[in-house]
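These notes are about the structure you will find just below.
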Amino acid sequence: MKYKHYVSFLLLLASLLIGCTSHRIEKNTQGLKIFLKQENIVKLEFVSSINQFVPLTLKKNDNAEWIVKIPGKKTPFRYFYIRDGNFFLPDCKLKEKDDFGSENCIYDPEK
């Protein structure tokens with residue numbers, strides 16, 4: 001009986017994790033590559049203080065990850081996403097409240 005509950009729990013956990021968002025930022029000599037793995041969306045935009053919060057459209061790669069490249073960025077910035085027209089904030093290490101009652105992620109290359 002315990003075995004059935006254990007298997008059921010693992011199946012539930014696996015199904016929840018499959019739908020989870022995977023977000024990362026990679027640094028290289030040219031700048032930053034920002035990745036977000038999201039399924040079942042049509043359009044994803046990256047909005048940040050880098051360019052005064054003008055949305056940048058992400059492109060989807062062969063691994064079903066959405067990617068945007070930011071050339072030369074080596075200083076902290078604030079960001080969020082617009083997912084199919086709606087505000088979206090991924091899991092991120094650093095966050096702050098904004099002036100509109102929401103939150104922004106903070107990218108700090110030193111942390």
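Per-structure values
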quantity: Most to least packed among 77-85, 25-33 [average Cβ atoms within 10 Å]; calculated: 77-85, 25-33
quantity: Loop-located GluC sites (Glu not before Pro) in the range 39-93 whose Cβ has at most 16 other Cβ within 10 Å (DSSP); calculated: Glu39
quantity: Cα-based equivalent ellipsoid of the range 21-107: semi-axis lengths in Å, sorted from largest, via gyration tensor; calculated: 18, 17, 11
quantity: Non-local Lys pairs in the range 51-111, i.e. 8 or more apart or on different chains, that have alpha carbons under 18 Å apart; calculated: 7
quantity: Computed label-point distance, nm, for sites Ile25 and Ile82 using a 7 Å Cα→Cβ extension; calculated: 2.0
quantity: Counted charge near Asn61, where neighbours are those whose Cβ lies closer than 11 Å (Asp, Glu -1; Lys, Arg +1); calculated: +2
quantity: Ranking of Ser102, Ser22 by count of other Cβ atoms within 10 Å, fewest first; calculated: Ser102, Ser22
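Bear in mind that the values in this text are calculations on the coordinates, not laboratory data. These figures come from a predicted structure and were not determined experimentally. In this analysis, Cβ positions are derived from the backbone assuming ideal geometry, glycine residues included, and neighbour counts consider all displayed protein chains.
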